[in-house]
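Heads up, the thing below is written out as structure tokens.
The values are calculated or read from the model by the stated rules, or taken from the named source; none is laboratory data. Here the structure is a predicted model, which means the values were calculated and not measured. Cβ atoms come from the backbone with ideal geometry, glycine included; neighbour counts cover every protein chain shown. For accessibility, only protein heavy atoms count, side chains too; no ligands or nucleic acids. Shrake-Rupley method; radii C 1.70, N 1.55, O 1.52, S 1.80 Å.
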Amino acid sequence: MHGIWRIGRTGETGAEETGRPMHQRRHGKPGVSGNDACRTGWTFLAAACILATPAATLEAQSPGPSAGRSTQQGVYTREQAIRGKDTFAGSCTGCHTPASHTGAVFTNGWVGKSVADLFRYVSDNMPKNDPGILTAREYADLAAYLLMLNRMPMGSAELPADPAVLEKIRIDTASANGRGQRP
């Protein structure tokens, strides 16, 4: 029988004639019974759920790429995209052409994702012969160049090399639904 209270053989609740609780009497010595361990486990589980709930709630309410800025709002500068073009020419043209990163290829792979996703992919995988060799700024410049290649508007501030900031910028195209926003 499981539960907090047990009926002893003498009909007393939770204790026998010795005055010891049932779980101590059954196991022959004071200590943690199976029921106490079970209750302790449930207590820890309940505490973990309570502690995790605010974090999960905050995460659900925090602005993600869909609630943040859009590439249609101009998130890079012309100068940055030109630096990205130069980096592309020096590090990427051995395997890629600019045309291989435009149109449906880019749209199908990146629209709706965050600029951080693009930044991480490029910095983790490119150049193919030596991934990660470029600086964070150079990878941000490459991302700006790819945005320019895909006719995303330029802005007055450079695209930062900080993935936490880039996470809040959603990649959208003007043709995504006619206004530059995905539904």
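Couple of notes before you dig in:
- Probe 1.4 Å, accessible area per residue of segment 122-164, Å²: 52 Å²
- Rounded to the nearest Hz, the phi-derived 3J(HN,Hα) couplings of segment 136-142 under the Karplus curve 6.51 cos²θ - 1.76 cosθ + 1.60 (θ = phi - 60°) are 4, 5, 5, 5, 5, 5, 4, where x marks glycine and proline.
- Each residue, Ala136 and Asp162, gets one label point 7 Å from its Cα in the Cβ direction; the gap between the two is 0.9 nm.
- Around the Cα centre of segment 80-159, unit charges on the Cβ atoms of Lys, Arg, Asp and Glu (plus for the first two, minus for the last two) sum to a dipole of about 160 debye.
- The share of accessible area on segment 100-160 that comes from carbon and sulfur is 52 percent, using a 1.4 angstrom probe.
- Ranked by the mean number of other Cβ atoms within 10 Å of their residues, highest first, the peptides 155-163, 132-140 come out as 132-140, 155-163.
- Model label zone, Thr93; criterion: amide N under 17 Å from point 7 Å along Cα-to-beta-carbon; scope segment 133-161: 142, 145-146, 149
- Amide H contacts for Ser70 (H built 1.01 Å from N in the peptide plane; partners 5 or more residues away or on another chain; cut-off under 5 Å): Arg170.
- Simple spin-label estimate for Ala104 and Asn129 in nanometres, 7 Å along Cα-Cβ: 3.2 nm
- Amide H contacts for Glu167 (H built 1.01 Å from N in the peptide plane; partners 5 or more residues away or on another chain; cut-off under 5 Å): Ala116.
- For segment 99-105, the Karplus equation 6.51 cos²θ - 1.76 cosθ + 1.60, evaluated at θ = phi - 60°, returns couplings of 5, 6, 10, 10, x, 4, 4 Hz by residue, with Gly and Pro reported as x.
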